[in-house]
Structures are given as structure tokens and as C-alpha cells.
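Asker: The structure's right below; bear with me while I get my questions together.
The values are calculated or read from the model by the stated rules, or taken from the named source; none is laboratory data. The shown structure was predicted, so the numbers you read here are calculated from the model rather than taken from an experiment. All Cβ positions, glycine included, derive from the backbone under ideal geometry; neighbour counts span all protein chains shown. To get the accessible areas, we keep the full protein, side chains included, count just its heavy atoms, and leave off ligands, DNA and RNA. Shrake-Rupley method; radii C 1.70, N 1.55, O 1.52, S 1.80 Å.
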Amino acid sequence: YFHNLYSVELQLFTDRYNSIEYVYLINSDLRFMSDGRTVKTCADITRARNSTFKISSLFQIQLIGNFYLFGVKFPLTICPLVFLNSSITKILIFNLIDTFYGKNLMRFSNETLNDDLNSSITSLYLYRCENIVLDTNFLNPLVFKNIRRLHVDCSINSIAVDLFSRSLKICGHIYFETYNFRKLIHQSGIEWMKGINRGLRVNLSNLTDFI
């Protein structure tokens, strides 16, 4: 459990852990540091990777079972390289908001990266969020490409048309709370649904193709 943190070192653990079942970050700022310096761009992480104490994965942990973010603030955009070699079974994020009286969003930088991040995040759960947008600035294609389960139990303003054709290509389980889903459909339509299973070819006259 980590409470009321101003920042988090990417090299949090000096010895690389094989696995940790639960990591809780509560009422803290998700401001990443490396060697005592704030990580503001991907270049900062590239320098850290070339240093004596290299960043091998998020917090130097090979496998995180459940990563909880309760009341966490995101003061800076996040470089996707933060999730280099990350293997996380489930990320649960609470309290994202985008309204006239408050803004707290998790956003990734749009810097061009040539590397495959080798990021494996299986499930993403969103709770108590308000008026947020699901797009590739939030669900970065390099970070979340292996998401198989998306669980949204909060208010969504809109979903980017290309979300499921770019970031969540293999997502096979999508859950929306009924009331908020109805509001989402009335507000932004269903164009984003066309990206689900894009490229799938099914012969509708052959029952064995879709049963």
C-alpha cells in the first residue's frame, strides 16, 4: 500500500521482484521519477535505460497481479515507455474526471516510439469516473494492445471511432453499466462499434461461422 505520495520512482525496488499480487496507490500523484528526476518526456526514460541502473519494467516488478489506483492524480502526461516490459493482470482506476469543476485524466504522450514495449496488460476496470473520453490518448495502443477485458462502470462522454481498431484490437469482453451506456449511445452514437472485430469475415448464411 502506498498513500499520499508526491511521486513514484520507476526503480522503486532495487532488486527486481518476480511478482507482487497487489499494488495499491492511494490519494497520490502519479508523477514518475528516475534517479531523483521527474520523468517529463520519453527521452528522460531513454537516458535512464542507458544508465548504470536500468529500468527493466514498471517498479522493477516482472508481474503485477492487481494494480489499484484510488484517488490518484495525473499531473503530467505519461510516456508509454513507463510500461516497458510490464506484465499486469488487472488495472483498476477510480475517480477520473473531466468537468467544469474538476479535471483529472490519465493521458499518454504522443511521442513517436520505434520499440515494441512488450506490454501485457490483460484487464482494465474503470470506476467512479465522470465524463471521460475513451480514446488513444488515454488507452495508448502500445500500452494496452493486449487488453482482453474492458469493464466500464462509470460515466463516459464518448468513445473514439478508432479505439477498437487501434488500441483494443483483441478485446473480447466489454462491460458497460446499463444506465451510463444508454446515455453514451444517445450522446455520441454507435460509430465506434464498427471497430470491434474489424476485418472479421463471416458468412451469415453458414451458422457454423458464428455459433
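Asker: How about the chain: what cysteines have no other cysteine beta carbon under 4.7 Å from their own?
Answerer: C171
Asker: A further question follows. R0 = 25 Å: FRET efficiency of E177 with E21, Cβ-based, nearest 0.05?
Answerer: That gives a FRET efficiency of 0.40.
Asker: If we count every other residue with Cβ under 13 angstrom of N180's Cβ, Lys/Arg +1 and Asp/Glu -1, where does the sum land? Intermediate values should be presented prior to the final figure.
Answerer: On the way: positive: R128, R182, K183; negative: E130, D153, E177.
Its environment carries a net charge of 0.
Asker: Sort H151, H3, H173 from largest to smallest accessible area, using a 1.4 Å probe on the heavy atoms of the protein chains.
Answerer: From most exposed to least exposed: H3, H173, H151.
Asker: Additional query: In whole angstrom, note down how far apart the Cα centers of the stretch 26-44 and the stretch 146-164 are.
Answerer: With the stretch 26-44 and the stretch 146-164 each reduced to a Cα centre, they are spaced 26 Å.
Asker: Heads up, I need the accessible area for Y175: 1.4 angstrom probe, whole protein in place, Å², nearest 10.
Answerer: Accessible area of Y175: about 90 Å².
Asker: Between L105 and K40, what length comes free when the chain is fully extended (0.36 nm per residue of separation minus the Cα-Cα distance, one decimal in nm)? Write out the running numbers ahead of the final one.
Answerer: Working: separation 65, 0.36 × 65 = 23.40 nm, distance 1.61 nm.
Fully extending the segment from L105 to K40 adds 21.8 nm.
Asker: Could you give the nm distance between label points at N118 and I196, where each point is 7 Å from its Cα heading toward the beta carbon?
Answerer: For the pair N118/I196, the computed spacing is 3.3 nm.
Asker: Right, another one. Rounded to the nearest 500, what is the 222 nm mean residue ellipticity of the chain from helices alone, with -39500 (n - 2.57) per DSSP H run of 4+ residues and division by all residues? Provide the component values of the computation, followed by the final result.
Answerer: Numbers: 3 runs with 23 residues, N = 211.
That comes out to -3000 deg cm²/dmol.
Asker: Within the stretch 52-211, count lysine pairs with alpha carbon atoms under 15 angstrom apart where the residues are 8 or more positions apart or belong to different chains.
Answerer: Details: K73/K103; K90/K145; K145/K169; K169/K194.
Lysine pairs satisfying the spacing and distance rule in the stretch 52-211 number 4.
Asker: Compute the long axis of helix 178-188 from its Cα atoms, compare it with the longest principal axis of the Cα atoms of the chain, and write down the angle in degrees, 0 to 90, nearest 10.
Answerer: 80 degrees
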